[in-house]
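Shown next, in structure tokens, is the structure this report addresses.
Just so it is clear, none of the values below were taken in a lab; they were calculated from the coordinates. These figures come from a predicted structure and were not determined experimentally. Here the Cβ positions follow ideal geometry from the backbone for every residue, glycine too, while neighbour counts run over all protein chains shown.
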């Protein structure tokens, strides 16, 4: 059976979790090599770098689905289901539209949609995953609502220390533009959070955050 590999990672995931594209591809190739005796042949690996799973509108995935429709391959192999989608609705669409006649193999979940039991397991896994995210979201919203009711300020902390903010206010009151304020702060030795030079857009953020009318 000819299969096409699909690997995906978002920029945030790659930075925080180390779910690298190379690691995913290596797992796919190891799996195919293990099942070569079952005539499993990997014809290509398609990459979606920096693409979210919130939507199916991804260039790499479009190429994979086109390969299925054209008959160039018999199935798709992925490292883990969330590399393909995180949505029960999107998974249902893919299963109904593409994977009734073609195989979807997930290495991590050890499932294969060429069988009825494989389709059932995948649906259950995605359902549980979505339920977990929704529960976390509900808890987060409840916690934020409680803090708000207690008068606790929500959102990110101020972008600058009191001395810097006071200087920004003073310069703005004197008619300085955002660019002029940024240049003045840099020249006077005020430090940014990252130690770089002040930028006009950063000044605007400070003014907006602290409700200082420009």
**Fill in**
Relative contact order in percent for region 23-110 (Cα pairs under 8 Å, 6+ apart) equals 32
**Request:** Please work out the FRET efficiency for the pair residue 130 and residue 199, using the Cβ-Cβ distance as r and a Förster radius of 45 Å; give the result to the nearest 0.05.
**Result:** 0.70
**Request:** Apply 1/(1 + (r/R0)^6) to the Cβ-Cβ distance of residue 23 and residue 54, taking R0 = 25 Å, and write down the FRET efficiency to the nearest 0.05.
**Result:** 0.70
**Asked** How far is helix 21-34 tilted off the main Cα axis of the chain, in degrees rounded to 10, range 0 to 90?
**Response** 10
**Prompt:** Calculated from DSSP H runs of 4 or more alone, at -39500 (n - 2.57) each and per residue, what is the 222 nm mean residue ellipticity of the chain, nearest 500?
**Reply:** -16500 deg cm²/dmol
**Asked** Taking Cα atoms, how many degrees apart are the long axis of helix 178-187 and the longest axis of the chain, rounded to 10 and kept between 0 and 90?
**Response** 80
**For the chain, convex hull volume per residue from C-alpha positions, Å³** = 166
**Request:** Using the number of other C-beta atoms within 10 angstrom as an exposure proxy, rank 95, 34 with the fewest first.
**Result:** 34, 95
**Asked** Relative contact order (percent) for region 162-209, with alpha-carbon contacts under 8 angstrom and 6 or more residues of separation?
**Response** 36
**Item:** Taking 146, 6, 98 and counting other C-beta atoms within 10 Å, the order from fewest to most
**Value:** 146, 98, 6
**Asked** Can you pull the semi-axes for region 162-209, root of five times each eigenvalue of the Cα gyration tensor, sorted largest first, whole Å?
**Response** 14, 11, 11
**Item:** Estimated FRET transfer efficiency when R0 is 41 angstrom, pair residue 209-residue 41 (beta carbons, to 0.05)
**Value:** 0.15
**Item:** Distance between modelled label sites at residue 66 and residue 192, nm, 7 Å Cα→Cβ extension
**Value:** 4.0
**Fill in**
Per-residue Cβ contact counts at 10 Å, fewest first, order 11, 85, 164 as 11, 164, 85
**Request:** State the extension gain, in nm to one decimal, for the chain segment bounded by residue 101 and residue 177, taking 0.36 nm per residue of separation less the distance between their alpha-carbons.
**Result:** 21.0 nm
**Request:** Calculate how many DSSP beta bridges within region 2-130 are antiparallel, expressed in % of all such bridges and rounded to the nearest 5.
**Result:** 10
**Tilt relative to the chain, helix 59-70 - C-alpha long axis, 0 to 90 degrees, to 10** = 20
**Item:** Approximate spin-label separation residue 115-residue 148, in nm, with each point projected 7 Å along Cα-to-Cβ
**Value:** 4.9
